[in-house]
Amino acid sequence: MSDENPPLEGPDFGAGVALADIAGNGMLLGHAQGEAVLLARHGSEIFAVGATCTHYGAPLCDGLLVGDTVRCPWHHAAFSLRTGEVLRAPALGPIACWRVEQRGGKAYVTSKQADAPARAVAATPGQPESIVIIGGGTAGEAAAITLRREGYRGPVTLLSADAAPPCDRPNLSKNFLAGTAPAEWLALRSPEFFAEHHIELRLNTRVARIDTAKRQLQLADGSMLTYGALLLATGAEPVRLPIPGADLPHVHYLRTQADGEALARHAQDARRVVVIGASFIGLEVAASLRARNVQVHVVGLETCPMEKILGTQAGNFIRRLHEQHGVAFHLGTSASHIAAHEVTLQNGERLPADLVVIGVGVRPATALAEQAGLAVERGVLVDEYLQTSAAGVFAAGDIASWPDRQGGERIRVEHWVVAGRQGQTAARNMLGRRERYDAVPFFWTEQYDFALAYVGHAKDWDQVDIDGSLDARDCTLTYRRGGRKLAVAVVHRDLEGLRAEVELERARDADAGAARTVS
């Protein structure tokens, strides 16, 4: 997904670089031993690490140092400067570390360190004898990998109802659908990776029942599987539009890799597409199909796209953006009937279509949790450690409803990065780490030449401040309620987005500290 051999820039750190050239709590890009290297200063310490994020290859020199960690500017992954280890999704693996010597007022990068070994998990009575993960999305995949990186040596079984291994789901509606990214980029890991890390990946496998008392699963084929600890990461399911014709062969939903591949195949020969749904998925699909020069009509119940999430000004800008690229909008209505070559709207209008994409939202897949008797209310209820109401059972990803320390209420967030981070935290807590899940939510969207990143969670707000210009693709939108900052969206201001994330984290921690003082 990234250039494996980018051109080397900056000074040769093997020959030494003046300490004065590395700003306090700053970074300097250079190279050593034929590889791009980032020097970072934290206090009196100098670290040398790999210069690119292991997710999409973003330049970490454009990111942000937070203590002895570095955060990716694009999708906010975080790495340890000391070990190179992944601290936060969506990074796919650690970054390299080099040894640094300071002498004569200079820093010299000498030799590359061996990869950090997995942490050893002491055998304790509370350690689960085996761990089963239900769900092959990013939460499940991140949990399985984290278990091994944390040193867990017991059996890890990853059960996925999908036919394909865990994939880069955001790419399905973006570059892959646009035809600019090959299918080979979709898999997060090679098939060999799971075998090498002793993770039993079972595809096309559905769970029929959970017995929390016996700690057993009954699979759809009738077989039984015992677990010591269980992670529910069943994700969400597309809302099916209950109208005539919604099950015709040229009608598509987009959730799994199989969905994405089928849609991309059909799009190759399509000339006129109707997208039903004017939220992120629908609009990203529209932009990707326009890249294929397909005629696109977007239908949505709202009167302003994305207004509930981004506000009126941003929503109107996004509509104009699509219209400038040839997309036609039909808002304030929805489809009432789909036929072989047209879609009829509730207002009586008929739109020619040889391909229809429905993206009207998703619902958390909580059926298994409900069957197992877990506490469920618009999601699976978990505590701050992602533990459900049943002992030994955790939940992560789109199904998890957790207590938000910032807003003081339960939230459930359907974002890919959030799911990955929750999978990591759940894995550590299944091993007894007692790590709070309190990461500030993050998501991003790309439509044409427009990229927006969003940190925080603003269910509702009473004030939106815009610094800069949407039309210039250079601005920051700040969402407040009662004067309190809840969320920030940035357009082509990556570093500002990272700083806003840290600010929201500190505000959350201050609130939590104040609450402890009062109690």
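The values are calculated or read from the model by the stated rules, or taken from the named source; none is laboratory data. Since the structure is predicted, the reported quantities are computational estimates derived from the model, not experimental observations. Cβ atoms come from the backbone with ideal geometry, glycine included; neighbour counts cover every protein chain shown. The protein model used for the area step is the full one, side chains on, heavy atoms only, and it has no ligands, DNA or RNA in it. Shrake-Rupley method; radii C 1.70, N 1.55, O 1.52, S 1.80 Å.
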Discussion item. Any residue that is under 26 Å from Gly16 (Cα atoms), surrounded by fewer than 18 Cβ atoms within 10 Å (Cβ to Cβ) and touching a helix residue (DSSP H, G or I) at 6+ places or on another chain (Cβ under 9 Å) - is there at least one of those in segment 76-90?
Written reply: no
Item to complete: Could you look through segment 360-374, keep only residues that are aliphatic (A, V, I, L, M) and open to solvent by 40 Å² or more (accessible area, probe 1.4 Å), and pick out the one that is nearest to the chain's Cα centre (by Cα)?
Response: Val362
Worksheet entry | strands (runs of 3 or more DSSP E) lying entirely in segment 265-359 (those with 2 or more residues that are under 30 Å from Val488 (Cβ atoms) and open to solvent by less than 30 Å² (accessible area, probe 1.4 Å)) | 295-300
Worksheet item: Taking segment 467-482 only, how many residues are open to solvent by less than 60 Å² (accessible area, probe 1.4 Å) and more than 23 Å from Val413 (Cα to Cα)?
Response: 5
Worksheet item: Do you know which residues across segment 93-140 are at pLDDT 95 or above, in a loop (DSSP other than H, G, I, E, B) and of a type in the set (D, E, K, R)?
Response: Glu129
Response to the item:
Expected output for segment 491-503 (first residue under 14 Å from Phe442 (Cα atoms) and without any contact (Cβ under 8 Å) to a residue 40 or more places away in the chain, partner buried (at least 19 other Cβ atoms within 10 Å of the Cβ) and among the hydrophobic types (A, V, I, L, M, F, W, C), Cβ below 6 Å, 6+ apart or cross-chain) is Glu496/Val490
Worksheet item: Restricting the search to segment 392-426, which residues are surrounded by fewer than 24 Cβ atoms within 10 Å (Cβ to Cβ) and assigned to a loop (DSSP other than H, G, I, E, B)?
Response: Gly392, Asp404, Arg405, Gln406, Gly407, Gly408, Glu409, Arg412, Val413, Glu414, His415
Discussion item. Looking at Val464, Val382, Val490, can you tell me which residue is more than 30 Å from Ile145 (Cα to Cα), touching a Ser or Thr at 6+ places or on another chain (Cβ under 6 Å) and either among the aliphatic types (A, V, I, L, M) or open to solvent by 10 Å² or more (accessible area, probe 1.4 Å) (or both)?
Written reply: Val490
Item to complete: Might you let me know whether segment 190-210 holds any residue that is among the charged types (D, E, K, R) and assigned to a helix (DSSP H, G or I)?
Response: yes
Item to complete: Report whether or not Arg436 is part of a loop (DSSP other than H, G, I, E, B), free of Cβ contacts under 8 Å to residues at least 40 places away in the same chain and closer than 24 Å to Ala487 by Cβ.
Response: no
